[in-house]
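Student: Got a structure here, written out as structure tokens. Questions coming.
The values are calculated or read from the model by the stated rules, or taken from the named source; none is laboratory data. Just so it is clear, the structure is predicted and the values come from calculations on it, not from any experiment. In this analysis, Cβ positions are derived from the backbone assuming ideal geometry, glycine residues included, and neighbour counts consider all displayed protein chains.
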Amino acid sequence: MLKIPIKKRHVVLVSILVAAGIATGGGVFAMQFYGEQAIAQQASASAKKLKQIDEKIAELKAKKLAEQKAKEEAEQKAKEKAKKEAAARTAAADAALAAQLAGQIVTPTGCAISGAHGNPNNIDVVVNKKNCFNPVNFVPSDLVSYGGYLVSNKIYTNLVGMINAAAAAGKPLGLSSSYRSYSNQVATYNNWVAVNGSTAAADKVSARPGYSEHQTGFAIDVSTSGAVLGDFASTAQYTWMKSHAHKYGFIQRYKAGYESITGYSAEAWHWRYVGKTVATDMKNKGIHTLEQYWNIEGGGY
Ligand SMILES: [Zn+2]
């Protein structure tokens, strides 16, 4: 055995203790160090995740904003397009009207009836201020006379049936107008321009030539003795028609409250033949205009 002097032994012992102390302390330090590092790593990972979430939210927000902006821009563009089209249509209609009034026959561009409800020979045609005849001087080929009033043969039987039924119910009905030709409407409209002083004022009471439903042969103005046009609204005949006309295929074409859709003020006297099926379906469904029933553009010129 190595002989170490007592003094030196003491130094060795102290040295061992110190070394042990350092080792233990180091271990604790190491544990502490690695613990903190793990926490720091965890915190860093969490921060990274939060950052990713924030970035995702920001990205979604930006996407939503961009979508919103694109939607608004598209809406604005559509509005401007509709405005331009309306202006072009009005200008075309005015130019065509001026030509018509000057004696020429011109179909205004942008209003010619076409498509599913654009055949003036069919009882499902829609003629209004946005849908005019093409050719503008169209004449039905099957006009027949009822007491001197011309109508399309397609409505004749039901017209007679309705008038007979009204008479049997003690509500005798007469006619004050039916088919009107293009040239007849030119004369009618010109008369209103002269009386009211302007086309704008005439537009309020008369259809422009080529835009009148009377040109189809499917429209009638009904009356009773002493009650034509506006006066018809307060008659028992009007009340009877509101309840029974659909059974004969007729609808009141221009109702109060729907002026912006039909383009016309309410007319209690103006009835249009659309056939029993459609007239009854409209009544049952509470649909008051052909524009709404068939989803067709209406309103002003
Ligand atoms: Zn009428």
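Student: How many of the residues making up the range 151-168 are in contact with a helix residue (DSSP H, G or I) (Cβ under 7 Å, 6 or more places away or on another chain), β-branched (Val, Ile, Thr) and more than 15 Å from the ligand (Cβ to nearest atom)?
Tutor: 0
Residue-by-condition table, conditions (1) within 22 Å of Gly263 (Cα to Cα); (2) exposed (fewer than 13 other Cβ atoms within 10 Å of the Cβ):
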{"position": "Lys71", "(1), (2)": "no, yes"}
{"position": "Thr90", "(1), (2)": "yes, no"}
{"position": "Ala96", "(1), (2)": "yes, no"}
{"position": "Cys111", "(1), (2)": "yes, no"}
{"position": "Ala116", "(1), (2)": "yes, yes"}
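Student: Next question. So is Asn153 more than 30 Å from Ala92 (Cα to Cα), among the polar types (S, T, N, Q) and surrounded by fewer than 14 Cβ atoms within 10 Å (Cβ to Cβ) or not?
Tutor: So Asn153 passes the test.
Student: I need the helices (runs of 4 or more DSSP H) fully contained in the range 185-300, keeping only those with at least 3 residues that are away from the ligand (no atom under 16 Å from the Cβ) and either surrounded by fewer than 21 Cβ atoms within 10 Å (Cβ to Cβ) or modelled with pLDDT under 95 (or both).
Tutor: The helices (runs of 4 or more DSSP H) meeting that bar are 199-203, 236-244, 276-285, 290-294.
Student: Same structure again: Take Lys171 and tell me if it is of a type in the set (D, E, K, R), assigned to a helix (DSSP H, G or I) and away from the ligand (no atom under 16 Å from the Cβ).
Tutor: No.
Student: Six or more apart or on different chains, Cβ atoms under 7 Å: show the pairs whose first residue is in the range 256-283 and more than 22 Å from Ser178 (Cβ to Cβ) and whose second is crowded, with 19+ Cβ neighbours inside 10 Å.
Tutor: Tyr258/His288; Tyr258/Thr289; Ile261/Thr289; Ile261/Glu291; Ile261/Gly298; Thr280/His246; Lys283/His246
Student: Kindly check whether there is at least one residue in the range 175-184 that is of a type outside the set (Ser, Thr, Tyr), surrounded by fewer than 21 Cβ atoms within 10 Å (Cβ to Cβ) and either part of a loop (DSSP other than H, G, I, E, B) or modelled with pLDDT of 95 or more (or both).
Tutor: Checked against the condition, which is being of a type outside the set (Ser, Thr, Tyr), surrounded by fewer than 21 Cβ atoms within 10 Å (Cβ to Cβ) and either part of a loop (DSSP other than H, G, I, E, B) or modelled with pLDDT of 95 or more (or both), the range 175-184 yields at least one hit.
Student: Further question: State whether the residues of the range 109-132 include one that is among the acidic types (Asp, Glu) and either within 15 Å of the ligand (Cβ to nearest atom) or more than 21 Å from Lys247 (Cα to Cα) (or both).
Tutor: The answer is no; no qualifying residue exists.
Student: Restrict the check to the range 127-138 and report whether at least one residue is surrounded by 10 or more Cβ atoms within 10 Å (Cβ to Cβ), closer than 30 Å to Gly249 by Cβ and either free of Cβ contacts under 8 Å to residues at least 60 places away in the same chain or of a type in the set (Ser, Thr, Tyr) (or both).
Tutor: Yes, that holds for at least one residue.
Student: Shifting gears a bit: Among what's in the range 174-184 and is without any contact (Cβ under 8 Å) to a residue 60 or more places away in the chain and either charged (D, E, K, R) or in contact with an Asp or Glu (Cβ under 6 Å, 6 or more places away or on another chain) (or both), pick the residue that is nearest to the ligand (Cβ to nearest atom).
Tutor: The selected residue is Ser177.
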